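> Got a structure for you, questions after.
The values are calculated or read from the model by the stated rules, or taken from the named source; none is laboratory data. Only a predicted model underlies this, so the values are computations on that prediction, with no experimental measurement involved. Positions of Cβ are generated from backbone atoms using ideal geometry, with glycine treated the same way; all protein chains shown enter the neighbour counts.
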Amino acid sequence: MMNDNFFQVALDQPLTSREQIQHFIATHANKEAAEELVALLREREKVGNTMISEHVILPHLESPKIKQSQILLIRLAKAIDLDEETPEVQLIITILMKSNERQIMKQQIAQFTRRLADDEFLAALLNSESEERIYQLLEEETK
């Protein structure tokens, strides 16, 4: 069973650029180390595109600076184009993992990421009207 803080949802965020998204994620992960975490996010993106489906990106971060391993789901108020290869992004599913995390937490994260291959699940996350419904979907998917 997931702990209460495993999933965090932020709907209708008025973020309009890659930089704002990275800063939002980094601040959520650890406000005191935000600049260092933004730099790590930028390095990760240089490795390859994080788009996993139409309108959905999956940035991920592993660092000893992360306070708590979790899944942060951010849905933007309006879709944005990050670049030519990453158009119309509306949903950011971020995996935040502390370095040297317990095996059980790694398994929970892996279990969740397998669900991201389900287009219907992603569509439901994109189109759900309320935060409560999204949490419900997330909990259903982890049972």
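> Only one residue in Ala123, Ala77, Ala110 is among the small types (Gly, Ala, Ser) and touching a strand residue (DSSP E or B) at 6+ places or on another chain (Cβ under 6 Å), so which one is that? Break it down stepwise before answering.
Working: Ala123 fails: touching a strand residue (DSSP E or B) at 6+ places or on another chain (Cβ under 6 Å); Ala110 fails: touching a strand residue (DSSP E or B) at 6+ places or on another chain (Cβ under 6 Å).
Matching residue, one of Ala123, Ala77, Ala110: Ala77.
> Which of (1) in a helix (DSSP H, G or I); (2) more than 22 Å from Glu84 (Cα to Cα); (3) of a type in the set (A, V, I, L, M) is the odd one out, the single condition Ala10 does not satisfy?
(1)
> Checking Ile104 against (1) surrounded by fewer than 17 Cβ atoms within 10 Å (Cβ to Cβ); (2) at pLDDT 95 or above; (3) part of a helix (DSSP H, G or I); (4) hydrophobic (A, V, I, L, M, F, W, C), only one condition comes out false. Which one?
(2)
> So which of Arg114, Arg44 ends up being closer than 24 Å to Ile134 by Cα, of a type in the set (Lys, Arg) and within 15 Å of the chain's Cα centre (by Cα)?
Working: Arg44 fails: closer than 24 Å to Ile134 by Cα.
The conditions single out Arg114.
> So Ile95 passes all but one of these: (1) surrounded by fewer than 12 Cβ atoms within 10 Å (Cβ to Cβ); (2) of a type in the set (A, V, I, L, M); (3) modelled with pLDDT of 95 or more. Which condition number does it fail?
In the conditions (1) surrounded by fewer than 12 Cβ atoms within 10 Å (Cβ to Cβ); (2) of a type in the set (A, V, I, L, M); (3) modelled with pLDDT of 95 or more, Ile95 misses (1) alone.
> Which of the residues spanning the range 72-100 are assigned to a loop (DSSP other than H, G, I, E, B), in contact with a helix residue (DSSP H, G or I) (Cβ under 8 Å, 6 or more places away or on another chain) and closer than 16 Å to Leu126 by Cα? Reasoning before the result, please.
Looking only at the range 72-100, we keep the residues that are assigned to a loop (DSSP other than H, G, I, E, B), and these are 81-82, 84-85, 87-88, 99-100.
Still in the running and in contact with a helix residue (DSSP H, G or I) (Cβ under 8 Å, 6 or more places away or on another chain): 82.
Of everything in the range 72-100, nothing turns out to be assigned to a loop (DSSP other than H, G, I, E, B), in contact with a helix residue (DSSP H, G or I) (Cβ under 8 Å, 6 or more places away or on another chain) and closer than 16 Å to Leu126 by Cα.
> For residues in the range 45-71 being in a strand (DSSP E or B) and small (Gly, Ala, Ser), which is farthest from Ala29 (Cα to Cα)?
Taking the candidates together, the pick is Ser53.
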